[in-house]
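Novice: Following this message is one structure expressed as structure tokens.
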Amino acid sequence: MLEDYISGKKSLFSPGVHTELRAQESRNRRVALVQGNLTGNVRTQSAGTCARVYQNGVYGFSSMAECSGQAAEAVLKAATENALFMDRHVGKGKGPLPVIPAREIPRGQVIQDTEQKRYIEFAREVDAYITKKYPDLTSRSIVCMEDSMEKLLVTSDGCSGHICSPRSYVYVFLNTETTAGVPIELYRAIGGMGVFGETFTDPALLYPEIDEVYRKLMQKREGIYPEAGYKTVVLGGILSGMLAHEAVGHTVEADLVLGGSVAGPALHKQVASELVTLVDYAHTALGEQVPLPVYLDDEGTPAEDAVLIDKGILTGYMNSRESAEHFGMKPQGNARAFGFSDEPLIRMRNTAVLPGTDKLEDIIASVEDGYYLIDTNNGQADTTGEFMFGVNMGYEIKGGRLGRALLDTTISGVAFDMLKTVDRVSDTMTWTSAGVCGKKQPMPVGMGGPALRCKVMIGGR
């Protein structure tokens with residue numbers, strides 16, 4: 001547990017000035033096996049103290065790679081001086097930030113470290129299973145990892161508390177070739193929130209999922225390229241989650257709205273089918289804990305759900321305290337920092353399209369000629385909402401039935417245009433928190449969604 005050496009320093013805050021004091025320890029554990037050979041064995045840890053002070057529209061920030069009361073005093077002094085200097089020379093003359101009623105957030109999960117040899121042993125057991133059962137693979141890779149950010153936060157006004165949400169994953173990559181000799185790969189990320197030693201107790205529990213990956217890989221081995229063009233598709237939950245995060249979520253982050261994103265002039269307008277509701281969840285969704293719960297952000301704002309699209313209408317943005325004041329919105333806990341030396345940025349937490357009422361099998365049966373697209377291995381989008389995602393697993397749909405598997409392809413379009421074509425939404429959700437968002441600072445995020453029937457451009461050979 002991170003030692004609390006900052007709570008007693010609140011008496012040093014300047015009266016009437018918004019101040020944030022944070023202590024943080026970040027950890028990363030990672031082991032990689034390729035063809036049974038140990039190619040990666042990483043065990044890193046960083047810790048430090050930082051302070052940020054707001055003065056009339058400008059911030060002073062200071063950090064130190066030391067965890068002590070003396071470090072807390074030093075960064076507080078430097079951040080305050082930086083804020084006064086910036087205010088004198090920039091002179092924005094803005095008013096104070098919105099006041100958040102002060103309260104204490106309950107302590108987060110306690111970190112229990114796992115010895116590095118356990119990661120190696122676990123990876124070797126998984127690799128041995130694959131080697132014995134599937135000797136026809138051309139290659140295989142196993143990655144076992146855990147990362148966490150543990151924080152203690154004290155603010156002059158707003159919430160104070162302990163923040164900690166570790167996540168652990170095992171990534172399994174299987175490779176073979178098509179009958180024509182083209183290399184193909186499928187992978188599965190297995191895991192979620194929690195420390196490695198508690199999340200992964202028995203390698204055998206992963207074997208059914210590994211068997212499923214192999215089964216799909218063998219289908220893909222006999223796969224075809226889709227017919228390129230503007231097609232009716234059913235996007236699985238992983239892809240609709242990627243769409244929610246990459247193609248929509250970034251356009252409605254308030255700092256990118258101020259930078260000219262497509263969401264600026266679209267507020268309160270229809271940007272999607274009325275079947276589409278999109279929310280950036282804080283810690284609970286549909287009665288269950290989200291993949292990476294956030295209860296408090298790094299500005300001391302209690303985390304609440306941010307409804308971004310409500311029945312097709314763009315209703316809000318994700319904000320910091322400062323941008324919320326600018327847009328006349330309520331801050332909902334979207335300001336997050338990756339490392340102790342990073343200032344908070346507006347970030348997503350667990351962004352998802354809400355489920356509808358249709359059964360997946362009925363949606364597939366409704367498609368005469370199209371594609372069911374399940375998994376993605378990459379994606380990119382910009383602030384215009386234009387996106388392109390790689391698709392590494394899918395099937396053709398002919399006469400309402402699934403047909404042959406697909407070889408790797410892409411889909412592309414403009415998010416708000418594509419979302420207007422959504423006419424059926426499944427009643428089940430798929431979540432993942434295996435990725436990292438790369439907006440200036442890396443940040444673990446969750447994303448998810450139901451299956452969506454829509455129209456999109458799909459690539460061919």
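Novice: Going through the range 169-188 one residue at a time, which ones are farther than 20 Å from Gln35 by Cβ and either part of a strand (DSSP E or B) or not hydrophobic (A, V, I, L, M, F, W, C) (or both)?
Specialist: Once the filter is applied, which keeps residues that are farther than 20 Å from Gln35 by Cβ and either part of a strand (DSSP E or B) or not hydrophobic (A, V, I, L, M, F, W, C) (or both), the range 169-188 yields Tyr169, Thr178, Thr179.
Novice: Taking only the range 280-295 into account, find how many residues are under 13 Å from the mean Cα position of the chain (by Cα) and aliphatic (A, V, I, L, M).
Specialist: The total comes to 4.
Novice: Given the options Thr49, Thr80, name the one that is open to solvent by less than 60 Å² (accessible area, probe 1.4 Å), of a type in the set (Val, Ile, Thr), assigned to a strand (DSSP E or B) and in contact (Cβ under 8 Å) with a residue 40 or more places away in the chain. First the steps, then the outcome.
Specialist: Numbers: Thr80 fails: assigned to a strand (DSSP E or B).
Among Thr49, Thr80, only Thr49 is open to solvent by less than 60 Å² (accessible area, probe 1.4 Å), of a type in the set (Val, Ile, Thr), assigned to a strand (DSSP E or B) and in contact (Cβ under 8 Å) with a residue 40 or more places away in the chain.
Novice: Another one. Touching a residue at least 60 places away in the same chain (Cβ under 8 Å), open to solvent by 20 Å² or more (accessible area, probe 1.4 Å) and not in a helix (DSSP H, G or I): does that describe Leu308?
Specialist: Values: touching a residue at least 60 places away in the same chain (Cβ under 8 Å): yes; open to solvent by 20 Å² or more (accessible area, probe 1.4 Å): no; not in a helix (DSSP H, G or I): yes.
It is false that Leu308 is touching a residue at least 60 places away in the same chain (Cβ under 8 Å), open to solvent by 20 Å² or more (accessible area, probe 1.4 Å) and not in a helix (DSSP H, G or I).
Novice: How many residues are in a strand (DSSP E or B) and open to solvent by 50 Å² or more (accessible area, probe 1.4 Å) when one looks only at the range 1-19? Give the derivation first.
Specialist: Let us first name the residues in the range 1-19 that are in a strand (DSSP E or B), namely 19.
Going one step further and asking which of them are open to solvent by 50 Å² or more (accessible area, probe 1.4 Å), we end up with none.
Going through the range 1-19 one residue at a time, the tally reaches 0.
Novice: Another question, then. Among the numbered conditions (1) surrounded by fewer than 17 Cβ atoms within 10 Å (Cβ to Cβ); (2) in contact with a Pro (Cβ under 8 Å, 6 or more places away or on another chain); (3) among the charged types (D, E, K, R), tell me where Glu361 comes up short.
Specialist: Status for Glu361: all satisfied but (2).
Novice: Could you identify the single residue in Arg22, Arg43 that is in a strand (DSSP E or B) and either open to solvent by 20 Å² or more (accessible area, probe 1.4 Å) or under 30 Å from Thr138 (Cα atoms) (or both)?
Specialist: On the way: Arg22 fails: either open to solvent by 20 Å² or more (accessible area, probe 1.4 Å) or under 30 Å from Thr138 (Cα atoms) (or both).
Going through Arg22, Arg43 in turn, just one is in a strand (DSSP E or B) and either open to solvent by 20 Å² or more (accessible area, probe 1.4 Å) or under 30 Å from Thr138 (Cα atoms) (or both): Arg43.
Novice: Among the candidates Glu185, Glu246, Glu209, Glu222, which residue alone is open to solvent by 30 Å² or more (accessible area, probe 1.4 Å), in contact with a strand residue (DSSP E or B) (Cβ under 9 Å, 6 or more places away or on another chain) and farther than 16 Å from Met393 by Cα?
Specialist: Numbers: Glu185 fails: farther than 16 Å from Met393 by Cα; Glu209 fails: farther than 16 Å from Met393 by Cα; Glu222 fails: farther than 16 Å from Met393 by Cα.
Going through Glu185, Glu246, Glu209, Glu222 in turn, the sole match is Glu246.
Novice: Turning to a different aspect of this structure: Given the conditions (1) touching an Asp or Glu at 6+ places or on another chain (Cβ under 7 Å); (2) closer than 26 Å to Glu3 by Cβ; (3) not acidic (Asp, Glu), and given that Met149 satisfies all but one, which numbered condition is not satisfied?
Specialist: Here Met149 meets the rest and fails (1).
Novice: Condition first: open to solvent by 10 Å² or more (accessible area, probe 1.4 Å), under 15 Å from Met318 (Cα atoms) and in contact (Cβ under 8 Å) with a residue 12 or more places away in the chain. Now tell me which residues in the range 261-274 satisfy that. Spell out how you get there, then give the answer.
Specialist: The first filter runs over the range 261-274 and keeps only residues open to solvent by 10 Å² or more (accessible area, probe 1.4 Å), leaving 262, 264-270, 273-274.
Checking the rest, the ones that are also under 15 Å from Met318 (Cα atoms) come to 262, 264, 266-268.
Val262, Ala266, Leu267, His268, listed by residue number.
The values are calculated or read from the model by the stated rules, or taken from the named source; none is laboratory data. What you are looking at is a predicted structure, and each value in this text was computed from that prediction instead of being measured. Cβ: placed from backbone, ideal geometry, glycine included. Neighbour counts: every protein chain shown. Only protein heavy atoms, including side chains, enter the accessible area calculation; ligands, DNA and RNA are left aside. Shrake-Rupley method; radii C 1.70, N 1.55, O 1.52, S 1.80 Å.
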